[in-house]
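First the structure, in the form of structure tokens, and then the observations on it.
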Amino acid sequence: MEILVDLDAIAHNVRILAEHAGDAAVMVVVKADGYNHGAAEVARAALNAGAREIGTTTVAEAVALRAAGITAPILSWLNTSDADYASGIDADIELGVSALAQLEQVAAAARRLGRTAIVSLKVDTGLNRNGIPAAEFPEVLDLLEKLVADGVVRFRALFSHLAMADLPEHPVNDMQRDRFLEFIAAARDRGLEPELVHLANSAAALTRPDLAFDMVRPGIAVYGLSPIPELSDFGLRPAMTFRARVLRVKRVAAGEGVSYGHQWIADHDTTVALVPAGYADGVPRPLSGKFSVWLGGARRPQIGRVCMDQFVVDLGENESGVQPGDTAVLFGGEPGHPHADEWADALGTINYEIVCAPRGRVIRTHLGGTR
Ligand SMILES: *Cc1c(COP(=O)(O)O)cnc(C)c1O
């Protein structure tokens with residue numbers, strides 16, 4: 001079984017985001033191996049399509065992209081105290097700093113190397129996760145001022161992250177904008193002028209142009225999935241297709257049960273196809289009986305329990321003559337294909353988690369793009 005990643009769809013989606021961003025730059029977020037699409041391949045395709053910068057969580061992710069030949073600015077914003085900041089500084093990675101102790105660690109690594117660390121401050125404007133709270137900001141600025149004066153740090157950006165961007169009209173977005181502006185003003189008052197400031201994820205990039213500031217920071221929309229599926233698909237094209245070949249086709253007589261627990265019993269004679277993809281491969285077991293695949297030119301309902309390595313679909317009388325070796329699309333972006341949003345709805349989750357699921361035995365192949 002395999003996932004195909006269409007780099008032309010990535011490029012298309014980046015162009016849509018750039019249109020919405022207006023004068024603001026686009027930073028493409030490729031954390032978690034590019035939402036499971038391949039960080040380096042996505043970064044390259046996105047930069048070719050006009051994205052300006054790359055965002056990751058860990059320093060290790062960022063350094064790996066540098067090693068893969070990505071020369072654009074790369075920001076890393078989520079690191080534990082044992083992170084290898086020296087490797088990041090050495091690779092010209094911009095380090096997102098969320099606490100005073102972290103700034104001290106980054107500065108110590110820069111001094112050891114005799115290099116200047118590129119630092120961006122991540123401020124907490126209301127998500128209350130990882131970011132510098134307003135109360136701690138003055139002491140961080142005190143230290144930053146000294147480090148910049150000593151040439152230990154270059155102050156690149158100030159940024160924050162939204163809690164409710166998928167509800168574009170929610171007042172929390174405006175509250176976060178106002179608090180963000182206060183952080184920016186506080187830094188400026190100390191003579192610390194960031195080179196740029198950024199706040200918007202995919203949802204805000206597509207619905208709140210007033211929050212674009214100098215750069216937007218989309219992730220999920222780059223991969224062609226809507227951050228607000230109930231609102232719009234925004235003209236995005238899903239980049240990932242998850243598919244598997246039929247392993248065998250057989251008749252099942254009326255009254256026979258299919259798969260563990262006989263959760264599905266044939267009420268008439270039928271034909272079934274076995275697809276060798278299971279929960280170990282990213283087909284969640286709670287999806288049992290709740291999805292269909294595109295196979296033989298039509299949707300075929302999945303029946304019985306999803307197992308670790310396989311599931312079964314009902315072909316009825318198999319008029320289209322499905323055979324072993326035929327390809328079943330689990331989800332994808334073409335007309336007729338099941339959509340990742342359908343899986344998300346059936347599971348009570350979001351499309352982000354669906355595309356992150358395929359793993360292990362699944363082989364990933366990239367299509368399109370410029371090589
Ligand atoms: C994941 C992430 C993003 C991208 O979010 P999407 O909703 O996928 O667009 C942007 N900024 C930060 C800090 C993130 O962690």
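A few comments on the model shown:
- At an R0 of 22 angstrom, the distance between the Cβ atoms of A280 and T327 translates into a FRET efficiency of 0.65.
- Cα gyration tensor shape for segment 7-223, rounded if a/c is under 1.5, else prolate or oblate: oblate
- Distance in nm between pseudo-label sites at D150 and T365 (7 Å out along the Cβ direction from Cα): 5.4
- Value of D in µm² per second that Stokes-Einstein yields for the chain, Kirkwood Rh from Cα pairs, at 20 °C (1.002 mPa s): 96
- Measuring nothing but how far apart in sequence close Cα pairs (under 8 Å, 6+ apart) lie, relative to its length, the chain scores a relative contact order of 18 percent.
- For the chain: accessible area per residue (Å², 1.4 Å): 42
- Relative contact order %, segment 252-300, counting alpha carbon pairs below 8 Å whose residues are six or more apart: 22
- Residues E230 and S320, FRET efficiency given R0 of 56 Å [Cβ-Cβ distance, rounded to 0.05]: 0.95
- Computed on protein heavy atoms with a 1.4 Å probe, the accessible areas place R154, R300, R112 in the order R112, R154, R300, largest first.
- Accessible surface comparison of V148, V283, probe 1.4 Å, protein chains only, largest first: the order is V148, V283.
- Here the spin labels are modelled as points 7 Å beyond Cα on the Cα-Cβ line, and at R245 and R299 they lie 2.8 nm apart.
- Cα convex hull of segment 70-189, projected area averaged across orientations, nm²: 7.9
- Between H262 and M175, the modelled labels are 5.6 nm apart [label points 7 Å from Cα along Cα→Cβ].
- Apolar share of the accessible surface for the chain: 50 percent from carbon plus sulfur atoms, 1.4 Å probe.
- Candidate aspartates and glutamates - alpha carbon under 16 Å from K290, same-chain residues fewer than 8 apart omitted: D314, D341, E342, D345
- Shape index of segment 137-243: Rg/Rh, with Rg the Cα radius of gyration and Rh the Kirkwood radius from the inverse mean 1/r over Cα pairs, equals 1.10.
- Extension gain (nm, one decimal) between A134 and T116, 0.36 nm per residue minus Cα-Cα: 3.9 nm
- With all protein chains modelled, accessible area of T71 [1.4 Å, Å²]: 130
- Label point at D142 placed 7 Å out along Cα→Cβ; residues across segment 109-124 whose backbone nitrogen lies under 20 Å: 121-124
The values are calculated or read from the model by the stated rules, or taken from the named source; none is laboratory data. On a predicted model such as this, the values are computed, not experimentally measured, just so you know. Glycine also receives a Cβ, built like all others from the backbone with ideal geometry; neighbour counts cover every protein chain displayed. The protein model used for the area step is the full one, side chains on, heavy atoms only, and it has no ligands, DNA or RNA in it. Shrake-Rupley method; radii C 1.70, N 1.55, O 1.52, S 1.80 Å.
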